[in-house]
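Comments concern the structure below.
The values are calculated or read from the model by the stated rules, or taken from the named source; none is laboratory data. Treat the numbers as computed from the prediction; the structure is a model and nothing was measured. Note that we place each Cβ from the backbone using ideal geometry, even for glycine, and neighbour counts take in every protein chain shown.
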Amino acid sequence: MKKTCKKCNITFNTNYQSKNYCSHTCYLNAQKPLRLKRNLLKKSRIAKKICLFCGINFLPRRSNMIFCSNKCVQSLRNSKMIKKTTLSLTRSNAKIMRQTPIPTIEKEILLGTLLGDSSSTLATTGYHDVKMNHCDKQLDYLKFKADIMPSIFTIKKPWKRIVNKGMIMGNKVSGYKISYGTSSISHPCITLVRNILYINNKKKITINLLENMTATSWLFWYIDDGSINFKKRSSRLATHCFSMKEVNLLKDFLFKKYNIESSSHFSTVKFNNKIFRYPILSFTVKGTLVFHQFLKTSPFFSQLPKCTLYKFRIMPYKQKNKLS
């Protein structure tokens, strides 16, 4: 049977009626434009993707493509290798740091921060570490605390950004807040400081704890959990996690040792449509002035960042008399 090729128009002999091309090369050349059309249709159906490494928009050749090119894949592998080497270096540094004891001044800071917003958790090494979290406005204060404790915060970990969900406080709904945090290395001295404050994994005020506290410890606790009323010229400590018995012990200790006048009372807070009663330590006008003078004896008071100084601002008597 004689047939004409659809591509080159040459006559050729064949035994098959369905054969339309004289050779395989003619068949491939004829199919090329059809293949291009099919590929264009496929590409139009596939949506653009963002490269996970460089962030550039690209058209993927396959549906499971994540990176735009082999360069991005290779650079990602290299960065992972660098991270592994830095982790091994930091681990070896941490081992050396655990062997050296923490200075007494850093222990005083630790005691104050643990009483405040910081927390302590048990690490895989068998020792405890310190986790600090503050809002975006107090970021300078967070960095300041990490800088003045170099024996446990020398390894610079990335600052985390935590987005808290909206919470109902009273009749208002607090929006999304951004807070920053960091954690120290685990150290046997942190465990020793923690044992002074924690009893059965719970913070408790005892006479042993109060005797170990200095002006530096009180300063960092007040900056973390303290607040001031500018017009009333009084300050207070948020002692929510302690019982009224412990707050009364704290009040008596401050009056006997430092002559700081204060009072303990319950405050009601509406949180997520539920009412809670918490004990609070409030300082009198005279007690606030004496307490602030005592905190100023700490060597770190002059180094405090600007974002914390508002807790020491009190309205002068002359200005108060004018308003009244």
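State all residues of the range 229-249 that are aliphatic (A, V, I, L, M), in contact with a strand residue (DSSP E or B) (Cβ under 8 Å, 6 or more places away or on another chain) and surrounded by fewer than 20 Cβ atoms within 10 Å (Cβ to Cβ); if no residue qualifies, say none. Before you say what the answer is, go through the steps one by one.
Applying the first criterion (aliphatic (A, V, I, L, M)) to the range 229-249 yields 237-238, 244, 247, 249.
Next, from what is left, pick out any that are in contact with a strand residue (DSSP E or B) (Cβ under 8 Å, 6 or more places away or on another chain): 237-238, 244, 247.
Matches in the range 229-249: ALA238, MET244.
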What are the residue pairs meeting all of these: first residue in the range 191-202, first residue at negative phi, second residue small (Gly, Ala, Ser), Cβ atoms under 6 Å, and 6 or more apart or on different chains? ARG194/SER120
Here, helices (runs of 4 or more DSSP H) confined to the range 22-121 with at least 1 residues that are at pLDDT below 70 and either assigned by TED's automatic domain parsing to the domain that holds MET132 or not charged (D, E, K, R) (or both) are 24-45, 70-99
Condition met for PHE220 (in contact with a His (Cβ under 9 Å, 6 or more places away or on another chain) and of a type outside the set (S, T, N, Q)): no
Boolean, ILE275 is free of Cβ contacts under 8 Å to residues at least 40 places away in the same chain, over 22 Å from LEU114 (Cα atoms) and assigned to a loop (DSSP other than H, G, I, E, B): no
Taking the range 295-311 and the residues there that are touching a helix residue (DSSP H, G or I) at 6+ places or on another chain (Cβ under 6 Å) and within 9 Å of TYR141 (Cα to Cα), the one that is surrounded by the most Cβ atoms within 10 Å (Cβ to Cβ) would be THR308
